[in-house]
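For reference, the structure is listed below as structure tokens.
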Amino acid sequence: MLRRPRRNRKSEVIRNMVEETRLSVKDLILPLFLLDGKNQKMEVSSMPGIYRYSTDLLLKEIDTCMNLGIMAFDIFPAYPESKKDETATESYNPDTFYLKAISSVKRNFPEACIMTDVAMDPYSSDGHDGLVIDGKIVNDETLKILGKMALAQAEAGADILGPSDMMDGRVGYIRQLLDENGFQDVSIMAYTAKYASAFYNPFRDALDSAPKSGDKKTYQMNPANAIEALIEAELDFNEGADFLMVKPALAYLDIIKLLKDHFNIPIAAYNVSGEYAMIKASALNGWLDGERAMLESLLSIKRAGANIILSYFAKEFAILQKQ
Ligand code: PBG
């Protein structure tokens, strides 16, 4: 035998030399959940180890994470039912706790990269990402609301906006508004191929944002489709997105690879709440080695072609790296 691939696996040193994919804490964005109030920290029941923080404690958590090397955060707000309405008015109220928290994070940690979420669901009494009229999610009317939300977030100091709503034309609409208002330097990470997935449920628990009726299948993509992801990607690219995101990650590694192979801008993948919950639940039961399962799944997302990974495991990964 001339070719014995096992020779390149015979020692740790050689295995390390021939390692093709390396994950760094610099690849990661940590999603964080924010609550109104002071001194509040509540665990998300379906996401062991993940909390909703009030702004004061969120600042402390960000400080801890930055000391571990995590520099990028995606902040999601949890609003009480009383603040929600049909048109998501609270999302662009300059005095709302979410926008104030973003300003305060940027003031305290100017070198951190802060990403925000552009979609109506946390503020909508219908629990949908778009405006509901007569039971339908209306696209173009939603854009106007998303535009106001995006501008308010840029004003608050967000570095990257993440339109997660899947309305048609929203990347271009937001890009133009940002540019007209002097926010040329605010980036857009488009949720490009966001699938109508069962893996978002723990996130909806975290934000109490599940749709009150129906599902999200008229705007999020059908899990059966790949070619359609190329159409979404082409649109987002042409509309000025700085990054293209695939979401969820693990059941969609082929889509990550597909976008990586066809587009020359960075590809992000969202290792979503349900993917976190699955590993945590089985690790807590002693069915899987949680640490190894985490490392293997993050690595597979990077190997598939993601330059950036949004993951609830970011902090745990950073702690492991430090050891
Ligand atoms: C909503 C939004 C969702 C997630 C991010 N933004 C949920 C949804 O579309 O219902 C999911 C993230 C996760 O599951 O971790 N705009």
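The values are calculated or read from the model by the stated rules, or taken from the named source; none is laboratory data. Please read all numbers here as calculations on a predicted model, not as lab measurements. Cβ placement follows ideal geometry from the backbone for every residue including glycine, while neighbour counts extend to all protein chains displayed. Surface areas here come from the heavy atoms of the whole protein model, side chains and all, with no ligands, DNA or RNA. Shrake-Rupley method; radii C 1.70, N 1.55, O 1.52, S 1.80 Å.
Structure notes:
- Counting only protein chain heavy atoms and rolling a 1.4 Å probe, the accessible areas of 17, 120, 278 rank, largest first, as 17, 278, 120.
- With only the Cα atoms considered, the stretch 97-223 has a convex hull volume of 111 Å³ per residue.
- The reciprocal of the average 1/r between distinct C-alpha atoms defines the Kirkwood hydrodynamic radius, which for the stretch 36-143 equals 15.3 Å.
- Within a Gaussian network of the chain (alpha carbon springs, distance under 10 Å), most fluctuating of 59, 28, 284: 284
- Evaluated with a Cβ-only charge set (Lys, Arg +1; Asp, Glu -1), the chain carries a dipole of roughly 1760 debye about its Cα centre, given to the nearest 20.
- Heavy-atom accessible area per residue - the stretch 25-322, 1.4 Å, Å²: 41
- The trypsin sites (Lys or Arg not before Pro) of the stretch 167-242 meeting both criteria, a DSSP state outside H, G, I, E and B (loop) and at most 12 other C-beta atoms within 10 angstrom of the site's C-beta, are 212, 217.
- If R0 is 30 Å, the Cβ-Cβ spacing of residue 201 and residue 39 corresponds to a FRET efficiency of close to 0.60.
- For the stretch 6-67, trypsin sites (Lys or Arg not before Pro) meeting the loop criterion (DSSP other than H, G, I, E, B) and having at most 11 other Cβ atoms within 10 Å: 10, 22, 38.
- Among 202, 266, 110, the largest mean-square fluctuation in a Gaussian network model of the chain (Cα springs under 10 Å) belongs to 110.
- Accessible-area composition of the chain, carbon plus sulfur, in percent [1.4 Å probe]: 50
- If you count Lys pairs in the stretch 150-305 whose Cα atoms are under 12 Å apart, skipping same-chain pairs closer than 8 places in sequence, the total is 5.
- 3J(HN,Hα) from dihedral phi, the stretch 59-70, Karplus parametrisation 6.51/-1.76/1.60, rounded to Hz, x for glycine, proline: 4, 5, 5, 5, 4, 4, 5, 5, 5, 8, x, 7
- Principal-axis tilt of helix 273-284 within the chain, Cα atoms, nearest 10 degrees: 50
- Derived scalar couplings between HN and Hα for the stretch 182-197 equal x, 9, 4, 8, 7, 8, 10, 9, 6, 6, 7, 10, 9, 8, 6, 10 Hz in order, rounded to whole Hz, by the Karplus curve 6.51 cos²θ - 1.76 cosθ + 1.60 (θ = phi - 60°), x for Gly and Pro.
- Each label was represented as a point 7 Å from its Cα along the Cα-to-Cβ direction; for residue 234 and residue 144 these points are 3.1 nm apart.
- Adding -39500 (n - 2.57) for every DSSP H run of four residues or longer, then dividing by how many residues the chain holds, sets the calculated 222 nm ellipticity at -12000 deg cm²/dmol.
- Applying 1/(1 + (r/R0)^6) with r as the Cβ-Cβ distance of residue 85 and residue 285 and R0 = 30 angstrom yields a FRET efficiency of 0.15.
- Cα gyration tensor, the chain - rounded (a/c under 1.5), prolate or oblate: prolate
- Most mobile listed residue (54, 11, 103) in the chain, GNM with C-alpha springs under 10 Å: 11
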